[in-house]
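Novice: Please find one structure pasted underneath; my questions will follow.
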Amino acid sequence: MEKTIFLVMTFFTLLAVRSATATTISVGPSDSYQKIESAQAGDEVVIAPGTYAFRVHLTQVGTADKPIIIRALDPAQPPVWDLASVLVESAPGSYTAGDRGRGCWQVSGGAYYQISGIVFANCHNAGNNSAGMRYYNGARGIRVRDCVFRGSDNGLTGGTQDSEITVEYSEFDGNGTLAASSSAPSHNIYIYGGTLTLRYSYVHDPVQAQNFHIRASAAVIEYNWFARAKSYEGDLMTDDDLSGTSAVRQTMLLRGNVILQGAQPNNNSQVIAVYNDGGVAGLSFSVRLVNNTFVGNGGHAALVHLSNADASAMSAELVNNIVSGTSVVTLVEDSANATVTGTNNWIVTGASAAGLSASMAGADPGFTNAASKNFTLAAGSGAIGQAAAAADLPDSEYYRDEQVARQSRARASAKDLGAFESTTASAPTGPYGSPTTNPPDASADASPAIDAGTAGTGGVAGTGGRGGAGGAGGTTGQPPASKTSGCGCALAGRAPHGAWWLIGLLPAWRRRNTMNI
């Protein structure tokens, strides 16, 4: 009896605390941006299914223990921000400054937003540099999960020196513009600065340029599936917040990713480029590739191109990767100012692999079924059991391919080369836990709704300025420009209904203690 009384008192104490500090805000298609933008620290915005055509400008500051949660009411029927009928700058919204068209959603100086289950589609502006989401002005603690970015000028853009964003279980599909008036190439993901983490996401088929164009000071890109960039897959270039003489080092870790080159990319000389396109003196770059699986198109594209003809200091380390479908593993322009190191990579027989030791060479790495995009290792593969002990070894895997996408699972060990361990048999999980709780596969739907075979998380931000790298013999960038947009979708490590499951036990109390404004 005493235990029962204690539990009841605990329940009402939690209820009182929650009610005093947070509000649930319900949003439907007939509502406006004001409801979403009004959310304060600890509040939860719940968005009903439907199509929305207004801009959202987020400026509030949450905290680590009281984030501002913005989520879909039903992830299987995600709300869709679709501005196909109007330029973003002309859509309704509270923000009226000249850069209002830079993103359907913009996070300006906001902190600790967790955004999940939203689709961002067809966000275009007159300058051809809008985005599904943009974050800037030091926006930090942004968490994007189970979001889809499709058919916009850019998918996600943003980032300034103090910004930080994590994107998980999200899809970036067909973003970019081919407009002749475009001032710079556009990408699925374009980050201008700050720090970025991107994981468990499916990033593919941009209309123009790269799958990821990164200017972050530090980026961790892990357990993703990248496919068929229009130009080349991605790059690390000068942080937009750097200028003049500055002894700064930019870093990127690529771990456990599948990278699938297109059959005929516009730039078939490189896959991942590193380039100081801002000409910042004293700036150095370091990229580290651990247990990735690269599938080239059979040509001579360098998996890593250190484009340092300007004598910028650069380094690349490759450990336990599978580098198939290309005759060139690394390309360095100025070897006096760049180093390539690494060990235990599988490469094509005869491939150029200067600086790498203990490579395994062959004609075929032994994928289970490459024609069906199953790049797990079949029994007898020469990549099984060949991994070296090293820092940053993977503990997860992307699951599974382009049909069952945007899930992850624990990796059994890190004894094999590449993104997949032959002994892994753990069950996959999605953005909300078990796959059985994820949205069903809606890939057959022709609308811009979520391709939700598995849940995803949304966008990594990007900030603008310069364009992408050029070819391997002289990588080129666009002239500096004002910072472009970025946007983010986040849900950080929290059950989709937060603590409200307790109140759900007593509907009358829920009605009394929440505010549907």
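The values are calculated or read from the model by the stated rules, or taken from the named source; none is laboratory data. Predicted model, so just to flag it, every value in this text is computed and none were measured. Using ideal geometry, Cβ is built from the backbone for each residue, glycine included, and neighbour counts are taken over all protein chains shown. Side chains are part of the model used for accessible areas, which takes the heavy atoms of the whole protein and leaves out ligands, DNA and RNA. Shrake-Rupley method; radii C 1.70, N 1.55, O 1.52, S 1.80 Å.
Novice: Name the single residue that is surrounded by the most Cβ atoms within 10 Å (Cβ to Cβ) among those in the stretch 232-253 being among the β-branched types (Val, Ile, Thr) and either at pLDDT below 95 or part of a loop (DSSP other than H, G, I, E, B) (or both).
Specialist: Thr238
Novice: Scan the stretch 368-413 residue by residue and report those that are assigned to a strand (DSSP E or B) and touching a residue at least 40 places away in the same chain (Cβ under 8 Å).
Specialist: Phe375, Thr376, Leu377, Ser396, Glu397, Tyr398, Tyr399, Gln407, Ser408 - these are the residues of the stretch 368-413 that are assigned to a strand (DSSP E or B) and touching a residue at least 40 places away in the same chain (Cβ under 8 Å).
Novice: Please work out if Val280 is surrounded by fewer than 20 Cβ atoms within 10 Å (Cβ to Cβ), under 21 Å from Ser408 (Cβ atoms) and touching a Leu at 6+ places or on another chain (Cβ under 7 Å).
Specialist: No: the conditions fail for Val280.
Novice: In the stretch 408-416, is there at least one residue being crowded, with 18+ Cβ neighbours inside 10 Å, modelled with pLDDT under 65 and within 30 Å of Val80 (Cα to Cα)?
Specialist: No: zero hits.
Novice: Please specify each residue of the stretch 339-366 satisfying the condition of being farther than 15 Å from Ala302 by Cβ, in a strand (DSSP E or B), touching a residue at least 24 places away in the same chain (Cβ under 8 Å) and not aliphatic (A, V, I, L, M).
Specialist: Those that are farther than 15 Å from Ala302 by Cβ, in a strand (DSSP E or B), touching a residue at least 24 places away in the same chain (Cβ under 8 Å) and not aliphatic (A, V, I, L, M): Thr339, Thr341, Thr343, Trp346.
Novice: Give the stretch 29-49 a look and list any residue that's in contact with a Lys or Arg (Cβ under 6 Å, 6 or more places away or on another chain) and either acidic (Asp, Glu) or surrounded by fewer than 17 Cβ atoms within 10 Å (Cβ to Cβ) (or both), or say none.
Specialist: Hit for the stretch 29-49 is Ala41, nothing else.
Novice: Within the stretch 55-82, take every residue that is out of contact with any strand residue (DSSP E or B) (no Cβ under 8 Å at 6 or more places or on another chain) and closer than 21 Å to Gly151 by Cα and give me the one that is least open to solvent (accessible area, probe 1.4 Å).
Specialist: Checked the stretch 55-82; the qualifying residue least open to solvent (accessible area, probe 1.4 Å) is Ala76.
Novice: Considering only residues that are among the β-branched types (Val, Ile, Thr) and crowded, with 24+ Cβ neighbours inside 10 Å, look in the stretch 200-216 and name the one that is farthest from Ala410 (Cα to Cα).
Specialist: Only one residue tops the list, namely Ile214.
Novice: Which residue out of Ala131, Ala219, Ala229 is over 14 Å from Gly103 (Cβ atoms), in contact with a strand residue (DSSP E or B) (Cβ under 7 Å, 6 or more places away or on another chain) and open to solvent by less than 10 Å² (accessible area, probe 1.4 Å)?
Specialist: Ala219
Residues checked against (1) more than 30 Å from Ala247 (Cα to Cα); (2) surrounded by fewer than 24 Cβ atoms within 10 Å (Cβ to Cβ):
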position: Ala313; (1), (2): no, yes
position: Glu317; (1), (2): no, yes
position: Asn320; (1), (2): yes, no
position: Val323; (1), (2): yes, no
position: Val329; (1), (2): no, no
position: Ala336; (1), (2): no, yes
position: Thr339; (1), (2): no, yes
position: Thr343; (1), (2): no, yes
position: Ile347; (1), (2): yes, no
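Novice: Next question, about the same structure. State the number of residues belonging to the stretch 135-163 that are in a strand (DSSP E or B) and open to solvent by 10 Å² or more (accessible area, probe 1.4 Å).
Specialist: So the count comes out to 5.
Novice: Here is a list: Ala383, Ala351. Which entry is surrounded by 15 or more Cβ atoms within 10 Å (Cβ to Cβ), aliphatic (A, V, I, L, M) and closer than 24 Å to Ser315 by Cβ? Walk me through it before giving the result.
Specialist: Values: Ala383 fails: closer than 24 Å to Ser315 by Cβ.
The unique qualifying residue is Ala351.
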